[in-house]
1. Please calculate the 1.4 Å probe accessible area of residue 127, with all protein chains present, and give it to the nearest 10 Å².
2. Applying the Karplus parametrisation 6.51 cos²θ - 1.76 cosθ + 1.60 with θ = phi - 60° to the phi angles of segment 64-75, what ³J(HN,Hα) value in whole Hz is obtained for each residue in order, glycine and proline being reported as x?
3. Based on the Cβ-Cβ distance from residue 136 to residue 97, what FRET efficiency comes out when R0 is 25 Å, to the nearest 0.05?
4. Per 0.36 nm of contour for each residue apart, how much would the distance between residue 106 and residue 86 grow if the chain were fully extended, relative to their Cα-Cα spacing?
5. Would you please state the base-10 log of I(q)/I(0) at q = 0.12, 0.14 1/Å for segment 38-129, with intensities from the Debye formula using one equal scatterer on every alpha carbon?
6. Tell me the Rg and the Dmax, in Å, that the Cα atoms of segment 89-138 produce.
7. Just by accessible area at a 1.4 angstrom probe, what is the order of 107, 118, 112 from largest to smallest?
8. Sorting 53, 81 by accessible area (1.4 Å probe), largest first, what list results?
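The values are calculated or read from the model by the stated rules, or taken from the named source; none is laboratory data. Remember, it's a predicted structure, so these values are computed and weren't measured experimentally. Cβ placement follows ideal geometry from the backbone for every residue including glycine, while neighbour counts extend to all protein chains displayed. Side chains are part of the model used for accessible areas, which takes the heavy atoms of the whole protein and leaves out ligands, DNA and RNA. Shrake-Rupley method; radii C 1.70, N 1.55, O 1.52, S 1.80 Å.
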Amino acid sequence: MLLIPLSVALVALIAAACGGSAASSSPSPAPSGTGGPGGNGMVDAVGDWQLTRGTNAGVAIPVGDDVVITMTVAGSKVSGRAACNMYGGDIVVVAGQIQFGAMFMTEMACQEPAMSAESTYLAALGKVRSATRDGDVL
């Protein structure tokens, strides 16, 4: 499996509040092959990604040889490894903003820094409202 670097400057991506959407329409799945000029909040995110750097509220997400964080986007589904545990669920675009629906997660315990990386990543992931792609970097 080829993993493309996921270089997320989450500080910029999570400027939106963590609260629910005020949109009155029901969530619709992110289209397969998300991308294009539609302004749907997703730009060519379908594929396998690996976090290479990221922050949440100024706290760096520790990634490296011992801490691997991945995300796979396949149509309206998202899954991956959050440093220690596997996660997955729905990804939708509502009123032009990305929202993650109900998520599942395994419940293993790992040594540090994996647990800290996982909690920081998951907190940041819940705040992401848009994505941009620059070549092979999301």
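1. Residue 127 exposes around 50 Å² with every protein chain in place.
2. Result, rounded to whole Hz: x, 4, 8, 10, 10, 10, 10, 8, 10, 10, 9, x.
3. Computed FRET efficiency for residue 136 and residue 97 comes out at 0.55.
4. Contour length minus the Cα-Cα distance gives 6.6 nm.
5. -0.36, -0.49
6. 13.5, 39
7. 107, 112, 118
8. 53, 81
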